[in-house]
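**Q** Let me begin by handing over the structure; questions about it come next.
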Amino acid sequence: MKKHTFGEWMIAVRPWSFPASAMPVIVTTAFLFWRGYEISWGFAVWALVNIIIFHAAGNTWSDYFDFKKKVDADDTFGAKTLTTGMFEPKEIKNLALVLTAVATAGGLALMALTGLPLLWIGIGGVLCTLLYPYLKFNALGDLVILLAYAFLPTLGTSFVVAGGVLPSVLIIALPLGLITDGILHSNNTRDMATDARAGIKTMAMGLGTKSSAVLYGFEMLFPFVWVGICSIAGFMPIATVIVFMTLPVAIACAQTMKNSVEGGVHMIADLDVRTANLQLMFSFLLTVAFVVARFL
């Protein structure tokens, strides 16, 4: 085994992607705070840390199986931790096992303190983590992302911080989930040729380049429509329209994807990272709006 620096281990878990899992917990907590629920702040922090660890486990499992399946290779845009020889496959597999075990233990301990309903949500999260590589290779990755990084964490967060599984939080899950799904979809659209070479199937491959660009545009822009409707209808405070400050970023991302249909996939080489940044900014402003609205 090689000796690795802390920085290399951080690269292995891909921390730039963590807002995709962290922000649903944060935004849901802020939403419930605005709604007047008594918040268990300690459990909120616990849930936040635990889902980030689960996310890190999912990232490493995905990288391990992508390398074994030859989805990630020297000429692909994917993670370079294995293709460059920075880590050995066994090291990434062991890291994935440790992270999964730690996150599972943390989830079980939190369940013991909050209640049995969290078990079923947790089981869903564990299955999404472990089965993600297989499901991703069979065009179901987008669905898994919506479940694991939108619907399950918002419902789970409502239970641990407010004491009940509250369907009202699903209005948060939809816009955040769509933008997060765009991270994977932009990645899969970029990698269609190399994914086909590896013998896997993704939703982007099934849709084709033009339709994939349309879907990505919807994932970037509909969240703003949704927040606008919800704020007018009173399901969210009017302050949430502050997220429209990030609309130019979303439009730019959608335009880049559209231009890549004719201009080539090199144009969207970093679109997954840009989409992750959009998700972070959108979610941060949504959080601020809920907190501020509580005191207005």
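**Q** The conditions are (1) buried (at least 20 other Cβ atoms within 10 Å of the Cβ); (2) in contact with a Phe, Trp or Tyr (Cβ under 8 Å, 6 or more places away or on another chain), and PHE87 fails exactly one of them. Which is it?
**A** Failed condition: (2).
Per-residue answers, yes or no, for (1) small (Gly, Ala, Ser); (2) in contact (Cβ under 8 Å) with a residue 12 or more places away in the chain; (3) in contact with a helix residue (DSSP H, G or I) (Cβ under 7 Å, 6 or more places away or on another chain):
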position: ALA198; (1), (2), (3): yes, yes, no
position: THR202; (1), (2), (3): no, yes, yes
position: GLY206; (1), (2), (3): yes, yes, no
position: ALA213; (1), (2), (3): yes, yes, yes
position: TRP226; (1), (2), (3): no, yes, yes
position: CYS230; (1), (2), (3): no, yes, yes
position: ALA233; (1), (2), (3): yes, no, no
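**Q** Look through ALA239, ALA233, ALA269, ALA250 and report the one residue that is more than 17 Å from the chain's Cα centre (by Cα), buried (at least 17 other Cβ atoms within 10 Å of the Cβ) and not charged (D, E, K, R).
**A** So the residue among ALA239, ALA233, ALA269, ALA250 that is more than 17 Å from the chain's Cα centre (by Cα), buried (at least 17 other Cβ atoms within 10 Å of the Cβ) and not charged (D, E, K, R) is ALA239.
**Q** With respect to PHE151, is the statement that it is surrounded by fewer than 18 Cβ atoms within 10 Å (Cβ to Cβ), under 30 Å from TYR37 (Cα atoms), out of contact with any Phe, Trp or Tyr (no Cβ under 9 Å at 6 or more places or on another chain) and in contact (Cβ under 8 Å) with a residue 24 or more places away in the chain true?
**A** Numbers: surrounded by fewer than 18 Cβ atoms within 10 Å (Cβ to Cβ): no; under 30 Å from TYR37 (Cα atoms): yes; out of contact with any Phe, Trp or Tyr (no Cβ under 9 Å at 6 or more places or on another chain): yes; in contact (Cβ under 8 Å) with a residue 24 or more places away in the chain: yes.
Considered against the rule, which asks whether it is surrounded by fewer than 18 Cβ atoms within 10 Å (Cβ to Cβ), under 30 Å from TYR37 (Cα atoms), out of contact with any Phe, Trp or Tyr (no Cβ under 9 Å at 6 or more places or on another chain) and in contact (Cβ under 8 Å) with a residue 24 or more places away in the chain, PHE151 comes out as no.
For every residue, the table says whether it meets (1) polar (S, T, N, Q); (2) part of a helix (DSSP H, G or I); (3) touching a residue at least 60 places away in the same chain (Cβ under 8 Å); (4) over 30 Å from GLY264 (Cβ atoms).
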{"residue": "ASP142", "(1), (2), (3), (4)": "no, yes, yes, no"}
{"residue": "THR157", "(1), (2), (3), (4)": "yes, yes, yes, yes"}
{"residue": "VAL161", "(1), (2), (3), (4)": "no, yes, yes, yes"}
{"residue": "LEU174", "(1), (2), (3), (4)": "no, yes, no, yes"}
{"residue": "LEU178", "(1), (2), (3), (4)": "no, yes, no, no"}
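**Q** A further question on this structure: Using beta carbons and a limit of 7 Å, which pairs, at least six apart or on different chains, have the first residue in the stretch 257-286 and farther than 15 Å from PHE218 by Cα and in contact (Cβ under 8 Å) with a residue 12 or more places away in the chain and the second one part of a helix (DSSP H, G or I) and aromatic (Phe, Trp, Tyr)?
**A** Correct list of pairs: VAL273/TRP16; ALA276/TRP16.
**Q** Here is a further query. Check the stretch 216-234 and report whether any residue there is of a type in the set (Gly, Ala, Ser) and within 30 Å of ALA193 (Cα to Cα).
**A** Yes, the stretch 216-234 has at least one match.
**Q** Count, please, the residues in the stretch 163-172 that happen to be touching a residue at least 24 places away in the same chain (Cβ under 8 Å) and either among the small types (Gly, Ala, Ser) or surrounded by fewer than 24 Cβ atoms within 10 Å (Cβ to Cβ) (or both).
**A** 5
**Q** To continue, here is another question. Please verify whether ILE183 is closer than 18 Å to MET23 by Cβ, among the aliphatic types (A, V, I, L, M) and surrounded by fewer than 21 Cβ atoms within 10 Å (Cβ to Cβ), treating the condition exactly as stated.
**A** It is false that ILE183 is closer than 18 Å to MET23 by Cβ, among the aliphatic types (A, V, I, L, M) and surrounded by fewer than 21 Cβ atoms within 10 Å (Cβ to Cβ).
Residue-by-condition table, conditions (1) at pLDDT below 95; (2) out of contact with any Leu (no Cβ under 7 Å at 6 or more places or on another chain); (3) farther than 27 Å from ASP191 by Cα:
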position	(1), (2), (3)
ILE238	no, yes, yes
VAL241	no, yes, yes
MET245	no, no, yes
VAL249	no, no, no
ASN259	no, yes, no
ALA269	yes, yes, no
ASP272	yes, yes, no
MET281	no, yes, no
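**Q** Would you confirm whether any residue within the stretch 70-83 is touching a helix residue (DSSP H, G or I) at 6+ places or on another chain (Cβ under 9 Å) and closer than 30 Å to SER231 by Cα?
**A** Start the filter on the stretch 70-83 by keeping residues that are touching a helix residue (DSSP H, G or I) at 6+ places or on another chain (Cβ under 9 Å), which leaves 70-73, 75-83.
Narrowing further to those that are closer than 30 Å to SER231 by Cα: none.
The answer is no, given that none of the residues of the stretch 70-83 is touching a helix residue (DSSP H, G or I) at 6+ places or on another chain (Cβ under 9 Å) and closer than 30 Å to SER231 by Cα.
The values are calculated or read from the model by the stated rules, or taken from the named source; none is laboratory data. Owing to the predicted nature of the structure, the values given are computational and were not obtained by experimental measurement. Here Cβ is always computed from backbone atoms with ideal geometry, including for glycine, and neighbour counts include all displayed protein chains.
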